[in-house]
Amino acid sequence: MKIVDRIHQRQEEGRPFFSFEYFSPKTAQGMINLNDRIERMCHLSPEFVDITWGAGGSRPAATLEVVSNVQKVLGVETCMHLICTDNPIKNIDKALKEARACGNQNILALRGDAPSGQKSWTPCKDGLPSATALVRHIRATHGDYFGIGVAAYPELHPESPTLEHDLYYLKQKIDAGADFIVTQLFFDVPKFLDWVREVRRYGVGIEVPIVPGLMPIQTYAGFKKNVVDAGLSVPQWILDGLEAVKEDEVAVRQFGVEVGVKMVRELVESGLVAGVHFYTFNLEKSTRLILEGAGLVPFIRKDKPWRTHFLPHRRRQ
Ligand code: FAD
């Protein structure tokens, strides 16, 4: 089933959804571990599961193996990422054919980052020049079969000079046939919500669902690398809270869960998004604790593990 249809269904029911992203592993043992972890996490009932496409197209077989396992064996809806970087059209077509054969019906169509060792992005020989071109290609070769998601950047894509430039090309991706948007991770919820309003106001309006990407803070080093060094804006209370516990791994994870719970609640209560998407970094615990804390999945009671209960959760207006 297409993700966009699942999102609309959940909106009609007034029940916020959540989804998980995993990156494909490099080794056979990594594949076993990841499949076990995804299976456990699928007991939480994510709306869909994303599998990334290794930059440089280095491990397409691993991406497809995880997609096949989640879609066919676990019966959970998948979204396969597909990029243009170092990925000639014939490889793209092969991947789409194989994804379809696994029962996958959703693609996140991306340009990809510059090939390693190159400063700026250039298409590969016999490849496609942008995410827009990839969306067009999928529609031209597979019609309406796939639901197609595209990426968006609440704090601008690093190559975009202005918000206007970013939104212009985002709109092109939607006009080419994309039917939902997944965002880059962020930590400043009010700023994100302002961006969503800007997207909705842009031109004749971008009306497809916008799925906010959240990264649970699992280590101080990971937060510094993926968030601070990437120049993303972070509210002062988060910076101060992390600074106070940065030497204590457990306390960092606990604080990360508190941050995640607060963000999920604020996003869901805003009424501007229908659910949340977790960049799990292939880890389980923090994502699960955030979902429990925000009342989106039942708590597993430690004293009576056979009993579960939901945290009170305010419905959208
Ligand atoms: P595009 O939409 O093509 O845009 C890239 C830049 O070019 C933007 O600044 C845009 O404004 C500009 N632009 C677009 N078209 C034109 C044009 N015609 N003329 C001038 N400027 C133009 N990378 C991976 O390698 N594998 C993954 O699995 C992966 N998953 C991701 C998932 C999400 C949710 C996100 C947000 C990113 C992901 N990425 C992944 C990273 C992504 O590939 C990079 O951020 C990449 O630099 C941009 O991809 P895009 O699809 O947004 O590109």
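Worth a mention:
- When SER24, SER19, SER68 are checked against the criterion of being buried (at least 17 other Cβ atoms within 10 Å of the Cβ) and touching a Lys or Arg at 6+ places or on another chain (Cβ under 6 Å), SER24 stands alone in meeting it.
- The sole residue among VAL264, VAL228, VAL250, VAL211 that is within 30 Å of HIS43 (Cβ to Cβ) and free of Cβ contacts under 8 Å to residues at least 12 places away in the same chain is VAL250.
- GLU98 fulfils the conditions (1) closer than 23 Å to SER68 by Cα; (2) among the charged types (D, E, K, R); (3) within 11 Å of the ligand (Cβ to nearest atom) except for a single criterion, (3).
- Annotation: of all residues in the range 110-151 being assigned to a strand (DSSP E or B) and near the ligand (Cβ under 7 Å from one of its atoms), the one that is surrounded by the fewest Cβ atoms within 10 Å (Cβ to Cβ) is ALA151.
- Of all residues making up the range 168-225, the number that are on the phi > 0 side of the Ramachandran plot and either away from the ligand (no atom under 15 Å from the Cβ) or in contact with a Cys (Cβ under 6 Å, 6 or more places away or on another chain) (or both): 1
- Residue in the range 154-164 that is of a type outside the set (Gly, Ala, Ser) and assigned to a helix (DSSP H, G or I) present: yes
- Close pairs from the range 117-132: first farther than 16 Å from ALA151 by Cα, partner among the β-branched types (Val, Ile, Thr) and within 7 Å of the ligand (Cβ to nearest atom), Cβ under 9 Å, at least 6 apart: TRP121/THR85; PRO123/THR85; CYS124/THR85; GLY127/THR85
- Flag for LEU167 being farther than 18 Å from ALA95 by Cβ, buried (at least 17 other Cβ atoms within 10 Å of the Cβ) and of a type in the set (A, V, I, L, M): yes
- Some residue of the range 50-62 being in a loop (DSSP other than H, G, I, E, B), out of contact with any strand residue (DSSP E or B) (no Cβ under 9 Å at 6 or more places or on another chain) and away from the ligand (no atom under 15 Å from the Cβ): no
- Scanning the range 196-232 for residues that are in a helix (DSSP H, G or I) and farther than 15 Å from LEU272 by Cα yields TYR220, ALA221, GLY222, PHE223, LYS224, LYS225, ASN226, VAL227, VAL228.
Quick grid of which residues meet (1) modelled with pLDDT of 95 or more; (2) on the phi > 0 side of the Ramachandran plot; (3) not small (Gly, Ala, Ser):
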site	(1), (2), (3)
SER68	yes, no, no
LYS90	yes, no, yes
LYS94	yes, no, yes
PRO115	no, no, yes
HIS142	yes, no, yes
ILE148	yes, no, yes
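The values are calculated or read from the model by the stated rules, or taken from the named source; none is laboratory data. As the structure is a computational prediction, the values presented were derived from the model and not from experiment. So basically every Cβ, Gly included, is an ideal-geometry build from the backbone, and we count neighbours across all protein chains shown.
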